[in-house]
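Comments concern the structure below.
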Amino acid sequence: MEILGLLTDGIFVSLQPINIMLILVGVTLGLFIGAMPGLGSVNGVAILLPITFLVPPGSAIIFLAAIYYGAMYGGAISSITLGIPGASTAVATTFDGRPLALKGRASLALVTAAVASFIGGSVANVLFTIFAPLLAKVALIFGPPEIFALMLLAFATFVGLGGDDLPKTILSICLGLVFAAVGFDEISGAPRLVFFDISGFLHGINFLVLAIGVYGIGEMIWTIESTRGEITTTEAKMSVKGIVSDAKEGMRRGWKGTAIGSFLGFFVGILPAAGATPGSLMSYGVSKMISKNPKEFGQGHPGGVAAPEAANNSASTGAMLPMLTLGIPGSPTTAILLGGMVIWGLTPGPRLFTDQPEFVWGLIGSFYISNVFALIVNLSFIPLFIWMLRMPFTVLAPLIFILSVVGGYAATQDMHDVWLMLIFGFGAYFLRKLDYPLAPAVLAIVLGPIAEPTLRQSLLLSSGDATIFLTRPIAGPITVIAIILILLPAFKMLKDRMKGPKSNPAG
Amino acid sequence: MRLGEIITAGVMALLSIYLMWKSTELNVGYITGEGPGGGAWPFWLAGIMLVCTGFIAINWVRRSSPPSQSEEPLLDGYGKKMLVLVGGGLLGFIALVDIISMYGAMAVFLLYYLRFLGRHSWSLTLILTTSLPIGFFFFFEALMRVTMPKGLPFTEPFFNILYNIIY
């Protein structure tokens, strides 16, 4: 009951006129920043941080948290309408969001994303309110072996359930992981995989360079070629009645994904150094795994939109948890928020809840209010995004190419990356034609920077003994599930072979 | 497709070998007290890639994957033309960035795509060709504080006018 009282006070704090106004501006700005390829919540929060010195600290963090929230909603917009992930947290949304848009069901994808985001955010808010201090301690139990086991599970869901050509799927994952290793070896500090001594490789390959190359350029060229330039998405329509029926359909077909994303996303979000991106990718993989029709994923299944969207919103709230309770940021954006709090004279950590209850509960209350506002603002703008899709394809295509080039540059501000993106785009076009699944490569380049250090730290802890992943109480079961998933296609193949001679004796 | 499948597998195999070789610039084994060497992770991943290309080749011989069964060409006439026109346009766009700035290259690419590939009217073409780069300029340079390439010095007077509006 005490929590309820504090939360009510917090909601009243965030309902003050200045805070309401800041939330509204924040979620709207965040929505558009998140929708722009190459820019994410981290850019918005970092750029607008100085503005917050004009208002009290409580209002300032509410404003920044609202931008963060809005950006999580916004990332889905470009993933669905343009096929370019607006941010790493929305990479998985592209897998099913774009196919839905191409089928003329963009409104279903956008509404599903908005509703799933709202549910994910709401579940996370409740979990945050009730379990904040307890979960912060659990998250600390997760060491490198546990986090690597989680990464292994994320890859395994793609290998074991893809239904695609197995060697091509594994090759795609490994290629993404190798690309993620380009730059500097984080432990020794030595340059690594600097191809042909080109200095641009020293800063590594940003995931957006590959993601935009694959989805913004490769996929677009493939679409133009395979449809003989006759592609149109003008069937996309929008009405209030349509929003309601889309919301119903999205939840009917995507409720499992929403539920998985809401809980899994929150838990992955609170893990230090994990954040919303692995949360959304893992939720997509697990939703596909438990679906009765996993082959529909990737072809335009609302569950494939709901899972990552619920997860990234849930994780964004989850990532606030270690920041507030322990002073450990769970994502780059929360790291900037943490910096802001220090500048405002606040000390994040366990004492914050007792020393500054009005600030903490005002912020938690603002999560609830921001979530409602983000849903309303997002749904209000959907007709605008749908209108974009109704443009002739010969207008939309150059716009997508321009956004790809600009987004590829904005991420690292290096023309080397833009050229690399073009090369990836052409490569992806040919690989796509030859049935190479490319989503696993994008997944791998995003998770690679987490997977490699945790593997190396784990092996260092165990003096090179790989059984560390099997013998620890949390890492063990996760690793076993991952191994079973990886071996699943081999079992299926063996089973088919054993059945084969009986059903086809001729040979 | 069939020929493309095996050529691509061969290219991937060569890439894997190159990546393995490149990884050996750092230690690919286990260093006592330090853990796996810096090259170990990419080396073994590239090794797995090489094994995968072997399986892709086996599937090609057995004709068990759809592309290995297809006798269609990887690129037909339309595909080649599209690749030259669209891909070439993109190549030109990016090549022009360092000469006439990101915004200038954007305008030229829009003009090329809308007027010559899309066959849209001059009025629509000119409206989009001028408004979009200017819109992008104010969004990135003024609002997001992200500086895009400005090309060679001859573009400076034009950008000075726009910067005077911002500051």
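General remarks:
- Residue match in the stretch A:116-127 (condition: within 24 Å of A:Leu210 (Cβ to Cβ) and modelled with pLDDT of 85 or more): no
- Test result for A:Ile33, crowded, with 24+ Cβ neighbours inside 10 Å and among the β-branched types (Val, Ile, Thr): yes
- A:Phe53 vs. criteria at pLDDT 85 or above and aromatic (Phe, Trp, Tyr): no
- Any hit, the stretch A:302-319, residues being under 18 Å from A:Val138 (Cα atoms), touching a Ser or Thr at 6+ places or on another chain (Cβ under 9 Å) and not in a helix (DSSP H, G or I): yes
- Scan of the stretch B:10-67 for residues that are without any contact (Cβ under 8 Å) to a residue 24 or more places away in the chain and among the polar types (S, T, N, Q), ordered by number: B:Ser23, B:Thr24, B:Asn27, B:Thr32, B:Asn59, B:Ser64
- From the options A:Val395, A:Val342, residue that is more than 14 Å from chain B (Cβ to nearest Cβ) and assigned to a helix (DSSP H, G or I): A:Val342
- Of the residues making up the stretch B:84-127, those that are without any contact (Cβ under 8 Å) to a residue 12 or more places away in the chain and within 23 Å of A:Tyr409 (Cα to Cα) number 5.
- Against the numbered list (1) of a type in the set (Ser, Thr, Tyr); (2) more than 30 Å from A:Thr223 (Cα to Cα); (3) modelled with pLDDT of 80 or more, A:Thr93 comes up short only at (2).
- A:Gly303 passes every criterion in (1) at pLDDT below 85; (2) open to solvent by less than 30 Å² (accessible area, probe 1.4 Å); (3) over 15 Å from A:Phe128 (Cα atoms); (4) not β-branched (Val, Ile, Thr) apart from (1).
- Residues that are charged (D, E, K, R) and open to solvent by 30 Å² or more (accessible area, probe 1.4 Å) number at least 2 in the following helices (runs of 4 or more DSSP H) confined to the stretch B:37-97: B:77-82.
- Checking each residue in the stretch B:120-151 for being open to solvent by 40 Å² or more (accessible area, probe 1.4 Å), among the β-branched types (Val, Ile, Thr) and more than 8 Å from chain A (Cβ to nearest Cβ) picks out B:Ile127, B:Thr130, B:Ile134.
- Of the residues making up the stretch A:159-172, those that are open to solvent by 10 Å² or more (accessible area, probe 1.4 Å) and either within 11 Å of chain B (Cβ to nearest Cβ) or not in a loop (DSSP other than H, G, I, E, B) (or both) are A:Val159, A:Leu161, A:Asp164, A:Asp165, A:Leu166, A:Pro167, A:Ile170.
- Of the residues making up the stretch B:72-95, at least one is over 30 Å from A:Trp419 (Cβ atoms) and over 21 Å from the mean Cα position of the chain (by Cα).
- From the options B:Leu111, B:Leu117, residue that is open to solvent by less than 60 Å² (accessible area, probe 1.4 Å) and more than 8 Å from every other protein chain (Cβ to nearest Cβ): B:Leu111
- Looking at A:Ser280, A:Ser262, just one residue is farther than 21 Å from A:Pro99 by Cβ, outside any loop (DSSP other than H, G, I, E, B) and open to solvent by less than 10 Å² (accessible area, probe 1.4 Å), and that residue is A:Ser262.
- Complete set of residues in the stretch A:178-224 that are away from chain B (no Cβ under 12 Å) and acidic (Asp, Glu): A:Glu219
Residue by residue, here is whether (1) open to solvent by 20 Å² or more (accessible area, probe 1.4 Å); (2) in contact with a Pro (Cβ under 9 Å, 6 or more places away or on another chain); (3) in a helix (DSSP H, G or I) holds:
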{"site": "A:Val123", "(1), (2), (3)": "yes, no, yes"}
{"site": "A:Ala132", "(1), (2), (3)": "no, no, yes"}
{"site": "A:Met151", "(1), (2), (3)": "no, yes, yes"}
{"site": "A:Thr157", "(1), (2), (3)": "no, no, yes"}
{"site": "A:Leu177", "(1), (2), (3)": "no, yes, yes"}
{"site": "A:Gly189", "(1), (2), (3)": "yes, no, no"}
{"site": "A:Phe196", "(1), (2), (3)": "yes, no, yes"}
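- Odd one out for A:Leu399 among (1) under 30 Å from A:Thr317 (Cα atoms); (2) out of contact with any helix residue (DSSP H, G or I) (no Cβ under 7 Å at 6 or more places or on another chain): (1)
Rundown of residues vs (1) open to solvent by 10 Å² or more (accessible area, probe 1.4 Å); (2) more than 23 Å from A:Ala65 (Cα to Cα); (3) among the acidic types (Asp, Glu); (4) out of contact with any strand residue (DSSP E or B) (no Cβ under 6 Å at 6 or more places or on another chain), yes/no style:
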site	(1), (2), (3), (4)
A:Leu363	no, no, no, yes
A:Ile369	yes, no, no, yes
A:Ala374	no, no, no, yes
A:Pro383	yes, yes, no, yes
A:Trp387	yes, yes, no, yes
A:Pro392	yes, yes, no, yes
A:Leu403	yes, yes, no, yes
A:Met421	no, yes, no, yes
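- Among the residues of the stretch B:7-37, those that are aliphatic (A, V, I, L, M) and either out of contact with any helix residue (DSSP H, G or I) (no Cβ under 6 Å at 6 or more places or on another chain) or more than 8 Å from chain A (Cβ to nearest Cβ) (or both) comprise B:Ile7, B:Ala9, B:Val11, B:Ala13, B:Leu14, B:Leu15, B:Ile17, B:Met20, B:Leu26, B:Val28, B:Ile31.
- The residue of the stretch B:1-31 that is farthest from B:Ser68 (Cα to Cα), among those that are of a type in the set (S, T, N, Q) and in contact with a Gly (Cβ under 8 Å, 6 or more places away or on another chain), is B:Asn27.
- Any hit, the stretch B:60-77, residues being within 9 Å of chain A (Cβ to nearest Cβ) and within 26 Å of A:Glu452 (Cα to Cα): no
- Pairs where the first residue, in the stretch A:418-442, is more than 7 Å from every other protein chain (Cβ to nearest Cβ) and the second is open to solvent by less than 10 Å² (accessible area, probe 1.4 Å) and among the charged types (D, E, K, R), C-beta under 7 Å, 6+ apart: A:Tyr436/A:Lys168; A:Pro437/A:Lys168
The values are calculated or read from the model by the stated rules, or taken from the named source; none is laboratory data. Please read these numbers as outputs of a predicted model, since none were measured by experiment. Ideal geometry is used to build each Cβ from the backbone, glycine not excepted, and the neighbour counts take in all protein chains shown. Each accessible area value is taken on the protein alone, full model and side chains, heavy atoms only, with ligands, DNA and RNA left out. Shrake-Rupley method; radii C 1.70, N 1.55, O 1.52, S 1.80 Å.
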